1. Straight distance only, please: which lysines reach the Cα of residue 150 with their own Cα at less than 25 Å, same-chain residues fewer than 8 apart left out?
2. Got a sec to turn the phi values of the range 225-237 into Karplus ³J(HN,Hα) couplings, 6.51 cos²θ - 1.76 cosθ + 1.60 with θ = phi - 60°, whole Hz, x for Gly and Pro?
3. So what is log10(I(q)/I(0)) for the chain at q = 0.09, 0.12, 0.14 1/Å, when the Debye sum runs over its Cα atoms only?
4. Over the range 133-213, what is the relative contact order in whole percent, taking alpha-carbon pairs under 8 Å and six or more residues apart?
5. How much accessible surface area, in Å² rounded to 10, belongs to the heavy atoms of residue 175 with a 1.4 Å probe?
6. At a Förster radius of 45 Å, what calculated FRET efficiency corresponds to the Cβ-Cβ distance of residue 276 and residue 77, to the nearest 0.05?
7. Distance in nm between label sites at residue 108 and residue 36, each 7 Å beyond Cα in the beta-carbon direction?
8. Order the following by accessible area, largest value first: 1, 93. Probe radius 1.4 Å; ligands, DNA and RNA are ignored.
Amino acid sequence: MKPLLFAMPGNEEFTHLLTSILGADLGLLETRTFPDGETYMRFGSDVQGRSIVLVCTLDRPNAKTLPLLFAANAARDLGASHVGLVAPYLGYMRQDKRFHPGEAITSSSYGRFLSSAFDWIATVDPHLHRRASMSEIYSNPVGVCHAAPKLSEWIRNHVSTALVVGPDAESEQWVSVVAADAGVPYVTLEKTRRGDRDVDITFPDIEQWRGKTPVLVDDIISSGRTMEVAVRCLLSLGFIAPVCLGVHGVFAEDAYERLMTAGASEIVSTNTVPHTSNGIDISGAVAKAMSEFLQ
Ligand code: R5P
């Protein structure tokens, strides 16, 4: 039997892309908010004996997670044989250690919540900087796909003489792959984060690359400070206005506008988080990551 996909609110477009790639069925899930703020939910499609998938990108996760857990729980209660989650962006991955005494390691707690609710999860480039793999955080199987090939393709098609720039040492793991695949050079910068919105960046000697178009590549654009500081530095060094390429365009508050004001020539993200900057469709890779779990 075909898998049955349900879009949590706001995920309709990505869910349609997945159903058409996979030839899956699209289910109906009705949700609304009671006057007191609690959630009403009703499956309008029969899930009995079906392998179902909830599609829910998890930026701004606090408001999304409780309805998502209700939906997973209700699907099981109604007889679904398997319940999977497609979270193109998986939130709560960054607080993955106790940086100061007494802090909550929310990455681990969130992993436990979702692992207990779903048989499997599929996601795109989760923020694994200090952990080697998802199995250190999630106890259920997690299928991970990577945006790097699509980012390289975008660079090849849109920038003639690119220099890929990674904003911190940790970004080397993907910027090196993106640059090699695009056939262009890369550099990585040194980043120090002093606070949520306070980032300092130092540059290596990049004089030899003058004349190239810097393409800043990062996994997440959240507050936008990392990209913003890097854009300003590159411009002050006399470089051409940089392009900003992010896998996950979270864009907290006015991050997008600030980044444009800082002098970015263009900001492009994949469609893991719906946003006006979405210029790269990643649904094909997600569908492939899901297919190993679908029965
Ligand atoms: C950091 O480890 C990540 O790779 C990104 O550089 C970071 O999440 C970007 O955050 P923001 O946009 O808030 O500077």
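1. Cross-link targets: 212, 288.
2. 4, 4, 5, 4, 5, 5, 4, 4, 4, 4, 5, 5, 7
3. Values returned for q = 0.09, 0.12, 0.14 Å⁻¹ are -0.46, -0.79, -1.03.
4. Values: 90 pairs, mean separation 21.0, N = 81.
The value is 26 percent.
5. 0 Å²
6. Plugging the Cβ-Cβ distance into 1/(1 + (r/R0)^6) gives 0.75.
7. 3.5 nm
8. Details: 1 170, 93 5 Å².
Descending order: 1, 93.
The values are calculated or read from the model by the stated rules, or taken from the named source; none is laboratory data. Owing to the predicted nature of the structure, the values given are computational and were not obtained by experimental measurement. All Cβ positions, even for glycine, are placed from backbone atoms using ideal geometry, and neighbour counts span all protein chains on display. The protein model used for the area step is the full one, side chains on, heavy atoms only, and it has no ligands, DNA or RNA in it. Shrake-Rupley method; radii C 1.70, N 1.55, O 1.52, S 1.80 Å.
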